Each structure stands twice: as structure tokens, then as C-alpha cells.
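A.B. asks: Please see the structure below; I have some questions.
The values are calculated or read from the model by the stated rules, or taken from the named source; none is laboratory data. Treat the numbers as computed from the prediction; the structure is a model and nothing was measured. Don't worry about glycine lacking a Cβ; one is built from the backbone with ideal geometry, like all the others, and counts go over all protein chains shown. Side chains included, ligands, DNA and RNA excluded: accessible areas come from the protein's heavy atoms. Shrake-Rupley method; radii C 1.70, N 1.55, O 1.52, S 1.80 Å.
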Amino acid sequence: MTQEGTGDKRRYSRVEIPKGMWVAWEGSGKRLVSRVFDLSLGGVFIPTAEPPPVGTSIKLVFEMSGRDIRARAIVRRSVSGSGMGVEFVAMGYQERGILVGLLKGLAH
């Protein structure tokens with residue numbers, strides 16, 4: 001079954017991650033690791049065959065600059081067989097700073 005959000009409401013542009021980045025995520029009774037290839041300050045698209053439904057709260061852990069960056073997110077788009085678009089809803093101040101630095105470095 002495919003569930004979709006209500007259109008494209010991105011506040012931040014996505015930045016491509018040429019080699020990809022691993023993200024561990026937990027939500028809807030699942031704990032998985034996925035490789036992501038673009039990211040923004042507002043969220044990320046996570047490829048996974050069986051994504052949780054729209055509205056599910058998930059926990060994320062990325063490794064950036066040698067540190068684990070933890071965030072909470074909400075599934076805003078869920079496409080069975082493809083993945084899920086998630087919006088960051090909580091992230092520590094230092095973690096957000098590391099994310100900003102990474103995105104600025106990748107955008108140039």
C-alpha cells in the first residue's frame with residue numbers, strides 16, 4: 001500500500017551526498033540501517049522496502065564528522081517498495097551545527 005504526504009513543502013534544498021551516508025533508524029517496531037544519498041536541514045529520504053506509515057515517529061542516528069548525530073523525525077511520505085521522506089522534528093544544538101557544516105561543505 002502506498003501512502004503519500006500532501007505535496008512538496010520543502011523549506012530547505014536537498015544536498016547530494018556523492019558517496020552516500022549510512023543512517024540507523026528505529027520506528028514502528030523496526031530497527032534498520034539504510035544508505036541515504038541526499039539530505040537537507042529539514043529532513044531526508046530514506047530508502048527502505050517497507051517504510052512505516054505517514055505520521056510515524058522515528059529515531060535516527062547518522063555518523064557525521066566522526067560523531068553520532070541523533071535526531072527525531074516524523075514520516076511525511078511513505079512509498080512501499082521505495083522508501084520514506086522524513087522531517088526532522090528534534091535535534092541537539094551541536095548536532096544541528098555539524099549538519100549545517102556538512103551541508104555547506106557538500107554544496108560547494
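A.B. asks: Here is a list: Glu87, Glu63, Glu50. Which entry is within 15 Å of the chain's Cα centre (by Cα) and modelled with pLDDT under 95?
C.D. replies: Details: Glu87 fails: modelled with pLDDT under 95; Glu50 fails: within 15 Å of the chain's Cα centre (by Cα).
That would be Glu63, the only listed residue that is within 15 Å of the chain's Cα centre (by Cα) and modelled with pLDDT under 95.
A.B. asks: Return the pairs, sorted by first residue and then second, in which the second residue is not in a strand (DSSP E or B), the first residue lies in region 88-108 and is under 14 Å from Ala73 (Cβ atoms), the beta carbons are less than 7 Å apart, and the residues are 6+ apart or on different chains.
C.D. replies: As it stands, the answer is Phe88/Gly42; Leu99/Leu41, since those pairs meet every condition given.
A.B. asks: While we're here: Of Phe45, Phe37, which residue is buried (at least 17 other Cβ atoms within 10 Å of the Cβ) and under 15 Å from Val15 (Cβ atoms)? Lay out the reasoning, then the answer.
C.D. replies: Details: Phe37 fails: buried (at least 17 other Cβ atoms within 10 Å of the Cβ).
Checking each option against the conditions leaves just Phe45.
A.B. asks: Still on this model: Restricting attention to region 35-47, which residues are at pLDDT 95 or above and of a type in the set (Ser, Thr, Tyr)?
C.D. replies: Correct list: empty.
A.B. asks: Filter region 93-108 down to the residues that are touching a strand residue (DSSP E or B) at 6+ places or on another chain (Cβ under 7 Å) and not acidic (Asp, Glu), then identify the one that is surrounded by the most Cβ atoms within 10 Å (Cβ to Cβ). Show your work before the answer.
C.D. replies: The first filter runs over region 93-108 and keeps only residues touching a strand residue (DSSP E or B) at 6+ places or on another chain (Cβ under 7 Å), leaving 95, 98-99, 102-103, 106-107.
Narrowing the set further to residues that are not acidic (Asp, Glu) leaves 98-99, 102-103, 106-107.
Details: Ile98: 17, Leu99: 20, Leu102: 18, Leu103: 18, Leu106: 14, Ala107: 9.
Selected residue: Leu99.
A.B. asks: Could I ask something else about it? Looking only at residues that are part of a strand (DSSP E or B), of a type in the set (Gly, Ala, Ser) and open to solvent by 30 Å² or more (accessible area, probe 1.4 Å) in region 52-92, which one is nearest to Arg11 (Cα to Cα)? Full working, then the answer.
C.D. replies: Our first condition is that a residue be part of a strand (DSSP E or B); within region 52-92, this holds for 57-64, 67-79, 83-91.
With of a type in the set (Gly, Ala, Ser) added as a condition, the list becomes 57, 71, 73, 78, 83, 85, 90.
Filter once more, so that each one left must be open to solvent by 30 Å² or more (accessible area, probe 1.4 Å): 57, 90.
Numbers: Ser57: 20, Ala90: 16 Å.
By that ranking, first place goes to Ala90.
A.B. asks: Among the numbered conditions (1) more than 19 Å from Leu102 (Cα to Cα); (2) touching a residue at least 60 places away in the same chain (Cβ under 8 Å); (3) surrounded by fewer than 13 Cβ atoms within 10 Å (Cβ to Cβ), tell me where Glu16 comes up short.
C.D. replies: (1)
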